[in-house]
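These notes are about the structure you will find just below.
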Amino acid sequence: MKKAAFIIGASMIPAAASFAAPSFFTSSEDTDGPGYTYVQGQYIPQGKLENAQGGDDKDYDGYGFDVSYEFPANLILQGGYDRLELSNSSIDVNRANVGLGTHYFIDYGGAEDTGVDIYGLGSYERLEFRNAVGGDDATGTGYSITAGLRWMVDPQVEINPHAKWVDYGSISGGQASYGSPDGFEYGLQLVGYLSEDQHLALTAGYDRTDVDYGPQDANFRNEVSVGARLNF
């Protein structure tokens, strides 16, 4: 509960900042911050689902994509989908989410086009383990609260740490059951823009979870991704 309260509180920072920012900060209306209207595709060459089947760890790889759109007043709509394939296993994993949030850019007086963008999102989440037990699929739906920073250390370099509290409800289907998991997901993404107009970028990310799926307390660990982003 304390973790959930922390994430919920952190996700409200952008909204609070837009009303109470000190006068020495400059809003995103007055300076260039990172764009929130983009499409991104990524390849996941490496990850490990710990305690996946019978307590055994399973490596996986896969792919995914993310889309984001910014409305007026710093409102953002984001969604994503990942497809993961476990090695030496019949299980595949589908992850999907769509959410609405806000952001606020702070120019802290560094070089031009640098600063920190604070964002928060509330999202619908869906997680599916396909062919899990006896060929049955286990599916759960729930919600998440995300808070993160998009730190522009350079006009062409972005560091994006982020944390998410997620509750997937009950993940089950037929003979398959992964309980009612909730907990933290967190990670770090690096974005390198190929030009100063930030139109095209390359990305690299690292993610892991502390959620405990099923009686074996399975968890996604050491997930690495590489991708490309197109900003509009």
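The values are calculated or read from the model by the stated rules, or taken from the named source; none is laboratory data. Worth saying up front: this structure is predicted, and the values here are computed from it rather than measured. In this analysis, Cβ positions are derived from the backbone assuming ideal geometry, glycine residues included, and neighbour counts consider all displayed protein chains. These area figures cover heavy atoms from the full protein model, side chains too; ligands, DNA and RNA do not enter into them. Shrake-Rupley method; radii C 1.70, N 1.55, O 1.52, S 1.80 Å.
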message: Restricting to the range 112-166, and then to whatever is open to solvent by 20 Å² or more (accessible area, probe 1.4 Å), touching an Asp or Glu at 6+ places or on another chain (Cβ under 9 Å) and not in a strand (DSSP E or B), can you tell me which residue is farthest from Ala96 (Cα to Cα)?
response: Glu112
message: When you scan the range 211-224, do you find a residue that is loosely packed, with under 14 Cβ neighbours inside 10 Å, in a strand (DSSP E or B) and in contact (Cβ under 8 Å) with a residue 24 or more places away in the chain, even just one?
response: yes
- request: Starting from the range 65-79, take each residue that is closer than 12 Å to Tyr119 by Cβ and open to solvent by 60 Å² or more (accessible area, probe 1.4 Å) and list its partners that are β-branched (Val, Ile, Thr) and modelled with pLDDT under 95, counting only C-beta distances under 7 angstrom and pairs at least six apart or across chains.
  value: none
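Please state which one of Ala52, Ala4 is small (Gly, Ala, Ser) and at pLDDT 65 or above.
Numbers: Ala4 fails: at pLDDT 65 or above.
The match here is Ala52.
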- request: Could you tell me which residue of the range 176-188 is nearest to Asn222 (Cα to Cα), considering only residues that are open to solvent by less than 30 Å² (accessible area, probe 1.4 Å) and part of a strand (DSSP E or B)?
  value: Gly187
Residues within the range 117-170 that are closer than 17 Å to Ser68 by Cβ and among the acidic types (Asp, Glu), tallied: 3
field: Inter-residue pairs, beta-carbon under 6 Å, first under 14 Å from Tyr119 (Cα atoms) and in the range 148-172, second acidic (Asp, Glu), 6+ apart
entry: Arg150/Asp117; Arg150/Glu158; Met152/Glu158; Lys164/Glu185
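Anything in the range 81-111 that is more than 22 Å from the chain's Cα centre (by Cα) and either over 13 Å from Pro34 (Cα atoms) or surrounded by fewer than 19 Cβ atoms within 10 Å (Cβ to Cβ) (or both)? List them, or say none.
In the first step, residues of the range 81-111 are kept if they are more than 22 Å from the chain's Cα centre (by Cα); the result is 87-91, 107-111.
Matches in the range 81-111: Ser87, Asn88, Ser89, Ser90, Ile91, Tyr108, Gly109, Gly110, Ala111.
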